[in-house]
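Beneath this line is the structure, given in structure tokens, with notes to follow.
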Amino acid sequence: MLIIDSQVHTYEANRPERPWRNHLAGPDHVTGDEMVAALDAVGVDGALLVSPFAMYGYDPSYAVEVHAAHPGRFGLITPVDAGNPAVADIVADWAAREGSVGVRVIMPEVSEDPDDPGVRRVLAAATRHGMPVNFFCWGRLDQMAGIAARNPDASIVIDHLGLTQPLAPPVPAEPFADLPRLLLLSRYPNVSVKISGAATLSHEGFPYRDIWGPIYRIFDAFGIERCLWGTDWTRATSYLTYAQGVEAFHAMDRLTEDERAALMGGTLSRLYRWSPVVPG
């Protein structure tokens, strides 16, 4: 089966030629070469490369460079500014770029209105171009229900289970407190969920036995056909190795092989209409 990570980030060391806006939890740099080496070391065929908003804002130029240097290994996702009146044109230009598979909305950057006009423009433009819209929406799951209901033709993907995940230890006392709000989104057939960064919600460490009960509730509500495995590498580096983020899902004992294949790549390929091409 193809194994595809639904969210990784790459970035250079902070430098004047491409300065960081802010810091992202993780090493001082994770270049494209370093990310590909991490994938290869554990048999991951490819990944969705999400330009890190914390560091580069709405500038995806480094992710574009990494994609060009490693053809076939990454599908590209960029954050877009929903508040920009020209955002529909920005989405159209991105859709025309080789390797682009989706866009991302950072919900803390937009209003709490479920009918926010900028979000509507992003969803309409992405739908015209056949691309899913990924939402970073910690603390905004109720709003996402309104967005999903108002935009039934759009493909909406909830990043990181929609649950607030720690940037550094410790893990919150009740990391799944908002799970009922996420499960309510399963009523909308246009909503899918990235099961990304999940291990950072564990109080136990590898193999993270305390998270599987809630994770299986997500599978049961949405169906495997709307769930996508991912690591959110590199934010997760304070909690686990990349290999652990892969192996924990290989070891899940309640999944059939077909379900595991869907979770770890098949669902992603279908939603984003993209699959990696591994050299050799």
Here's a check for you: in region 58-71, which residue that is assigned to a loop (DSSP other than H, G, I, E, B) and touching a Ser or Thr at 6+ places or on another chain (Cβ under 9 Å) is farthest from residue 22 (Cα to Cα)?
60
Pairs please, first residue from region 212-226 and closer than 18 Å to residue 257 by Cα, second anywhere and among the acidic types (Asp, Glu) and assigned to a helix (DSSP H, G or I), Cβ atoms under 7 Å, 6+ apart in sequence or on different chains.
224/259
Within region 221-279, of all residues that are of a type in the set (Ser, Thr, Tyr) and in contact with a strand residue (DSSP E or B) (Cβ under 8 Å, 6 or more places away or on another chain), the one surrounded by the most Cβ atoms within 10 Å (Cβ to Cβ) is 231
Does residue 253 qualify as being part of a helix (DSSP H, G or I) and either over 19 Å from the mean Cα position of the chain (by Cα) or under 20 Å from residue 10 (Cβ atoms) (or both)?
no
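Would you pick out the residues in region 163-199 that are under 12 Å from the mean Cα position of the chain (by Cα) and either farther than 16 Å from residue 212 by Cα or free of Cβ contacts under 8 Å to residues at least 24 places away in the same chain (or both)?
Within region 163-199, the first condition is being under 12 Å from the mean Cα position of the chain (by Cα), and the residues that meet it are 192-198.
Of everything in region 163-199, just one residue is under 12 Å from the mean Cα position of the chain (by Cα) and either farther than 16 Å from residue 212 by Cα or free of Cβ contacts under 8 Å to residues at least 24 places away in the same chain (or both), namely 192.
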Residue 25 fails exactly one of the following numbered conditions: (1) more than 16 Å from the chain's Cα centre (by Cα); (2) surrounded by fewer than 22 Cβ atoms within 10 Å (Cβ to Cβ); (3) outside any helix (DSSP H, G or I); (4) small (Gly, Ala, Ser). What is the number of that condition?
(1)
So, in region 93-116, how many residues would count as being free of Cβ contacts under 8 Å to residues at least 40 places away in the same chain and surrounded by 14 or more Cβ atoms within 10 Å (Cβ to Cβ)?
12
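Readers should treat all values here as calculations from the given coordinates under stated rules, not as data from a laboratory. Keep in mind that what you see is a predicted model, and the values were worked out from it rather than measured. Note that each Cβ is placed from the backbone with ideal geometry, even for glycine, and that neighbours are counted across all protein chains shown.
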